[in-house]
Every structure is written in structure tokens, then in C-alpha cells.
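To start, the structure itself, in C-alpha cells.
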Amino acid sequence: MEVRREIDNRGNDGQFILTGSASPPNEVNRHIGAGRFSFVQMRPMSMYESQSSTGKVSLRNLLDGQTATAADNNITIPNLAEIAVKGGWPLQQKRSVEDAHKAAKDYLRQTVEADINAATEVRNPRKLTQLIRAIARNITTDRSVAKLGQEIGGSDSSVHAKTVTIWLEALQRI
């Protein structure tokens, strides 16, 4: 609200950059900021951007039909594991693997215990964590929502597909 007022008072574009992943509650009286805010979807850095890759293999070149050859860039399996743990977030690149791992676990816990509450009424941090892990395990598959529900339900019972869909939509929003 304060930023909106200040934008209106100054009457100039491009004055503020607001960052973060907070999801304000959906309230009737919440102002959407139409005409005042632009949203930019940010993604983690690629291995090339984080300087973990030489970039010699280009997706553009592959799509243009060029043949790629494996370049020896001295990345070992332990190096790859470290790159995966640190992910594509700039701050993580400066941390030790142990600290980056802890930060990633804390981020996941914050997401399932707090952020999801702002996005949905269906709350079950344990099952939501299991859903995120199931998505990670099935990242290269075409897993149906119903199958994900069965997988995270475990021996107890399956989580209803409608609940899984609500969680997936909430995760997408946050």
C-alpha cells in the first residue's frame, strides 16, 4: 500500500523494484496494482550462468540440427552433485555445500509450512513435502495427478486428485 501511494504521489514509472516470493492473501479489498506494477518471472541461473559449464553445447545449435560432442570440462560426479545441491540461485553459489543444502531444506520447509498457507486452505505439510519429492522423482515422466496422489498416499491411502491439483496450482503461484 505504501509503495502504491508513493507511485501515485511521484507519478513516474520505474521507481521501485520489489522482490521476493511472498504471496499476499486473496482479499476483496486488496489492490492489484493495475497500471502500477509489472511482474517478471525469475528463474534460477543455468549452469553456464553460474559458471559451472563452459556453454560449449548450445541448445540453439542443437535445435538448428548441429551435432554436439561431449566436451571434457573436468566435471566429476561429486562436482555435479555439488552443483545440483547449490542449484541456480546466486547466493547459494557463495555458500559451502553443507550451508547450501541446509538453506534448500529450510526453503522447502518454509514453503510447505508457511507459504502454502497463503495460497490454499488444504494444509498438510508432510504430504505436500511428499508431493514435491514425488515430482522430483518423476521429473522426466508424464505422471498423472492421480498417480502422484497414489504415490504420496503411500500405504495409508491415496491423496485425492483434486487435493493434488490444488497443491500443484498453489505451488505454481508461489
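Every number in this text was worked out from the coordinates using simple rules, so none of it is lab data. A quick note: this is a predicted structure, and the numbers were derived from the prediction, not measured. Don't worry about glycine lacking a Cβ; one is built from the backbone with ideal geometry, like all the others, and counts go over all protein chains shown.
Neighbours of Glu82 by Cβ distance under 15 Å: Lys/Arg scored +1, Asp/Glu scored -1, total +2. Here the chain yields Rg over Rh of 1.04, to two decimals, using C-alpha coordinates and the Kirkwood radius. Mean projected area of the convex hull spanned by the Cα atoms of region 46-89, taken over all viewing directions: 3.4 nm². For the chain, the mean residue ellipticity at 222 nm estimated from helices alone is -13000 deg cm²/dmol, where every DSSP H run of n ≥ 4 contributes -39500 (n - 2.57) and the total is divided by all residues, rounded to the nearest 500. Annotated for the chain: lysine pairs at least 8 residues apart or interchain, Cα distance under 15 Å, count 7.
Could you give the alpha-carbon Rg of region 66-166 over 2.2 N^0.38 Å, rounded to two decimals? Each step should come with its number before you reach the end.
Working: Rg = 17.4 Å, N = 101, 2.2 N^0.38 = 12.7 Å.
Taking N as the residue count of region 66-166, the ratio is 1.37.
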